[in-house]
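Below: one structure, written as structure tokens.
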Amino acid sequence: MLVAIVGTRKMTPYGEQVTYRLASELAKAGVTIVSGLATGIDGVAHRAALDAGGRTIAVLGNPLDRIYPSQHRELAREILASGGALISELAVGEQVQRWHFPLRNRLIVALSRLVIVTESGSTGGSLITAHLARDLGRGIMAVPGNITSQSSAGTNQLIHAGATPIFSVTDVWNELGYHVESARPVPAKSREEALLMDLIKQGEATNEQLIAASGMSAAEVANHISLMEITGKIRNLGAGTWVLR
């Protein structure tokens, strides 16, 4: 089964967190993640699928001999090495045009049974993808965000227009026709852990943000974070950024 996960290039820690979590959990269950290899949400979706030991497909807006963006060349190689695929309808050597990138979105939709938008502003390629999904009769899901955040304006608009909101991966399974009950999260063992988990859920996901928002010292946050990671409550995304498991 193929599911597309797309979103903004200018992601927030919240967008990164929910994208990684959804893509990882779906990939672990055997879903192939489809995205566009762009910076931001696309790259996180591909990376999460690979980290989960799953497969992912990148649909490119450029020829196969010219990976864009260049910082994703290694990611592209990993996708191929893991049994995934790179897809482009442009001939090798063809000059890349800006309009090629929105055009490739129809291929992302055509390949996928469902399109998920995890974070998007009020304009952009991910909204084009969602509109194409509607035209092709694909399911559309979106992650709700803070109504004051411009980074979630697009996803909130999609939900207002009828897209199914996502609050956990269980919602995705139900949308796909696999009716399952939500797994119980690992409970916090202290008031401090509960506070940190709540902050991470809200998007305060880096060590610096957690220290500032919690009122705890750096040493206290480090101690609780270490215990929470060991006990399976949170996962390290790298560079001091955390996500709930």
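The values are calculated or read from the model by the stated rules, or taken from the named source; none is laboratory data. As the structure is a prediction and not an experimental result, all values here were calculated from the model. Using ideal geometry, Cβ is built from the backbone for each residue, glycine included, and neighbour counts are taken over all protein chains shown.
Quick one: what pairs do we get from segment 3-32, first residue under 13 Å from THR241 (Cα atoms) and in the same structural domain as SER152 (by TED's automatic domain parsing), second part of a helix (DSSP H, G or I) and small (Gly, Ala, Ser), C-beta under 7 Å, 6+ apart or different chains? Every condition considered, the pairs that remain are THR12/SER151; GLY15/SER151; TYR20/ALA48.
If you go through segment 28-46 and keep only what is assigned to a helix (DSSP H, G or I) and surrounded by 24 or more Cβ atoms within 10 Å (Cβ to Cβ), you end up with ILE41, ASP42, VAL44, ALA45, HIS46. Screening GLY232 against (1) surrounded by fewer than 16 Cβ atoms within 10 Å (Cβ to Cβ); (2) more than 21 Å from the chain's Cα centre (by Cα) leaves a single unmet condition, (2). Inside segment 1-27, residues that are of a type in the set (Val, Ile, Thr) and either surrounded by fewer than 22 Cβ atoms within 10 Å (Cβ to Cβ) or touching a His at 6+ places or on another chain (Cβ under 7 Å) (or both) make up a count of 1.
Scanning segment 196-228 for residues that are surrounded by 13 or more Cβ atoms within 10 Å (Cβ to Cβ) and without any contact (Cβ under 8 Å) to a residue 12 or more places away in the chain turns up ASP198, ILE211, ALA212, ASN223. Any residue that is over 19 Å from THR56 (Cα atoms), at pLDDT 90 or above and in contact with a Ser or Thr (Cβ under 9 Å, 6 or more places away or on another chain) - is there at least one of those in segment 120-132? Yes, some residue in segment 120-132 is over 19 Å from THR56 (Cα atoms), at pLDDT 90 or above and in contact with a Ser or Thr (Cβ under 9 Å, 6 or more places away or on another chain). Within segment 59-93, the residues that satisfy the criterion of being aliphatic (A, V, I, L, M), crowded, with 18+ Cβ neighbours inside 10 Å and modelled with pLDDT of 90 or more are VAL59, LEU60, LEU75, ALA76, ILE79.
Quick one: which residue in GLU229, GLU181, GLU192 is among the acidic types (Asp, Glu) and at pLDDT 90 or above? Steps first, answer last, please.
Numbers: GLU229 fails: at pLDDT 90 or above; GLU181 fails: at pLDDT 90 or above.
Residue meeting the stated conditions: GLU192.
For SER151, the conditions (1) buried (at least 23 other Cβ atoms within 10 Å of the Cβ); (2) assigned to a helix (DSSP H, G or I); (3) at pLDDT below 90 all hold with the exception of (1). Before we move on, is GLY124 at positive phi, free of Cβ contacts under 8 Å to residues at least 60 places away in the same chain and out of contact with any strand residue (DSSP E or B) (no Cβ under 6 Å at 6 or more places or on another chain)? Criteria not met by GLY124.
Residue-wise test of (1) outside any helix (DSSP H, G or I); (2) more than 22 Å from the chain's Cα centre (by Cα).
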| site | (1), (2) |
| --- | --- |
| ASN156 | no, no |
| GLY162 | yes, no |
| PHE167 | yes, no |
| VAL172 | no, no |
| PRO187 | yes, yes |
| GLU193 | no, yes |
| MET197 | no, no |
| GLU208 | no, yes |
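The criterion of being assigned by TED's automatic domain parsing to the domain that holds ARG21, under 21 Å from VAL6 (Cα atoms) and in contact (Cβ under 8 Å) with a residue 60 or more places away in the chain does not hold for SER168.
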